[in-house]
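The values are calculated or read from the model by the stated rules, or taken from the named source; none is laboratory data. Just so it is clear, the structure is predicted and the values come from calculations on it, not from any experiment. Note: ideal-geometry Cβ built from the backbone for every residue, glycine included; neighbour counts use all protein chains shown.
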Amino acid sequence: MCGIVGYSGPGNSVNSIIEGLSRLEYRGYDSSGICLKLNGELQVIKKEGKLDNLKEILNKMNPSSHTGIGHTRWATHGAVTTDNAHPHGNEIFAVVHNGIIENASILKKELQAEGWEFKSQTDSEVFLVLLTKFYKQTSNTLQSISKTFNLITGNSSFVIIEKASDKLYGIKRSAPLVVGENKETREAFVSSDPFALVGFAPNIYFPQDGVICEGVVSETEVKFNFYELDLKPSTRIKSQANAMTMDANSKGDYEHYMLKEIHEQSSLVDKLAGFYIKNEGRKVIEDLDKSIPAAFHITACGTAWHAGLVIKNYFEMDNRIRCFVDIASEFRYKNPILNKKEVGLFISQSGETADTLACQELCTEQDIASYSIINVEGSTLFRNSTKNFLIHAGREIGVASTKAFTLQALTGFLMSRAMSKTLDKPEVYQEIITLSQRINEVCENSEQYKTVAENIFHKKGFIFTGRGTYFPIALEGALKLKEIAYVHAEGYAAGELKHGPIALIDEDIVNIAVVGPELFEKTVSNVEEVKARRGVIVTVGPKNNSELEHLSDFYIGLNFDGLPNLAPLMVNVVLQFVAYHIAKLKGTDIDKPRNLAKSVTVE
């Protein structure tokens, strides 16, 4: 949820930290801060609002420091204020935190009873105060980190620097943390995301939960030491070369990352088909037909959950395999009925979504195999899963997911075809190529969707409807609009309108109706119900259809030919454009919508 970057080395830490935070600001942008070791003291500089506010302060100060930590925040505990921004520091330590300390209120009361004072409303400061308390008892930083970490509960990662040395410390539990080093330049780094370290740290390490990382820089070398909580050396670390690139970090000629990522979908669809049908991904996906489970438990959050609903349709229709689709934040707490012959399928763009990771952990505890549909190789979900199916969407910077949804659903379609042993049928590959072409046509017609948006953006509410395989698309279309345009939008199964939602319909409510070839007459009948109540009708359906054209206030006709299975993914791109243009007309921050963050690492 938050962006973290730490640095120690001979260079100016400010440059590396601010560059890293700039890359991670999409993870949290309520406030930001930096702590630098200056003249032997720890100096904290922080500001509410976006990272530019902090940069402005630093530009005036022009500080130079060899050790520092930085943070961009997505608020959980405490309002968005400068005091609540990270880092939190005192005369001994400075700390940045990603996650939630679940027992913070209890610990805080105990510490206050002992006379300790707090400067913020955050749970994060509890870690700092505990750390300071134990250090004053032991004068040993590693012991103090271990004792503090053992007392807290909840999923968190922490990065710490101290006045007494130029060392970097990190530790985590079910939250992302990566450390890296550059032996040539003698620089040590730590972050919540390896992308922040691209170009800085050729070698990166992923510590497992409860491993204390200690970055040490000397005049001759840089190294990381790893310890268990009993302070014995740890080997529970995965090391790898940082092969990421900065390609996705530029918008190019596009006004927003979201717009760029919508346009990328056509080529990415082509690439994914080639990867799993003709290239190196073939072996990974072919293995699915060797051990087909009795059932799938598909678990995800938000947009990924909508992709799971689409995938459920593919699995059940192609293979007659029962699929249960759950919102991750509900799954683990309902005491799910699991069988060892079943499989948990977890969908996540980042691979660091806390709710989804908790569900995966539950399945592992009950000896249930875990599959992931995921975008980030090396992420926590990737490392913890039995099988991984990468979507190869490239980095998605826009907080509102677009291309990840399309590639997640398409990966599920390919998995389904592999299980039904129909992956080699020519019509499968041809349908995917047709989808790519249709998405490209949708992108070329963007002005049409802009015109629709201009006529409806001022309305007070939006109801998206669809039936069958288009119902998840209605849900996703509504989510995208509310995420970036800040308007009330809901998705419904079209047949459910008459069971309650139709009470909302008047001349200031827009029904964006997805009318696919399947269940066409019944869906049209549902649109007629809205029309009769004076609702504004926008239909997305088969082109050159006189019935839809007559029924609609605004009609978007699409070519459904050649897409018996993948047409919902084409329709969804249209809804992405509609949401984008409405948000632009309203003047919202499309790439960084308020109150949201890209990677949600708290439950």
message = Among the residues in region 436-453, are any surrounded by fewer than 16 Cβ atoms within 10 Å (Cβ to Cβ), of a type in the set (D, E), more than 27 Å from the chain's Cα centre (by Cα) and over 19 Å from Q576 (Cβ atoms)?
response = no
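Tell me which residues, restricted to region 532-553, are within 30 Å of G308 (Cβ to Cβ) and surrounded by 15 or more Cβ atoms within 10 Å (Cβ to Cβ). So that I can check it myself, show each step before the final result.
First, pick out the residues of region 532-553 that are within 30 Å of G308 (Cβ to Cβ): 535, 537-543, 548.
Within region 532-553, G535, I537, V538, T539, V540, G541, P542, L548 qualify.
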Picked from region 277-313 (must be assigned to a helix (DSSP H, G or I) and among the charged types (D, E, K, R)), the residue farthest from the chain's Cα centre (by Cα) is K290
>> Considering only region 403-415, I want to know if a residue exists there that is part of a helix (DSSP H, G or I), closer than 21 Å to D591 by Cα and in the same structural domain as D561 (by TED's automatic domain parsing).
In response: no
With the first residue restricted to region 113-133 and required to be within 20 Å of W74 (Cβ to Cβ), and the second required to be basic (K, R) and not in a helix (DSSP H, G or I), Cβ contacts under 7 Å at 6 or more apart or on different chains are E125/K119
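Of the residues N62, N98, which single one is in the same structural domain as G215 (by TED's automatic domain parsing) and crowded, with 21+ Cβ neighbours inside 10 Å? Reasoning before the result, please.
Working: N62 fails: crowded, with 21+ Cβ neighbours inside 10 Å.
Being in the same structural domain as G215 (by TED's automatic domain parsing) and crowded, with 21+ Cβ neighbours inside 10 Å holds for just one of N62, N98, which is N98.
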For strands (runs of 3 or more DSSP E) lying entirely in region 1-116, having 1 or more residues that are under 19 Å from F195 (Cα atoms) picks out 3-8, 31-38, 67-73, 93-99
Is there a residue being within 27 Å of P593 (Cα to Cα), under 23 Å from the mean Cα position of the chain (by Cα) and of a type in the set (D, E) anywhere in region 96-114?
yes
Picked from region 60-95 (must be among the hydrophobic types (A, V, I, L, M, F, W, C) and under 26 Å from the mean Cα position of the chain (by Cα)), the residue nearest to T132 (Cα to Cα) is V95
Checked against (1) of a type outside the set (K, R); (2) in a helix (DSSP H, G or I); (3) at pLDDT 95 or above, I463 satisfies every condition except (2)
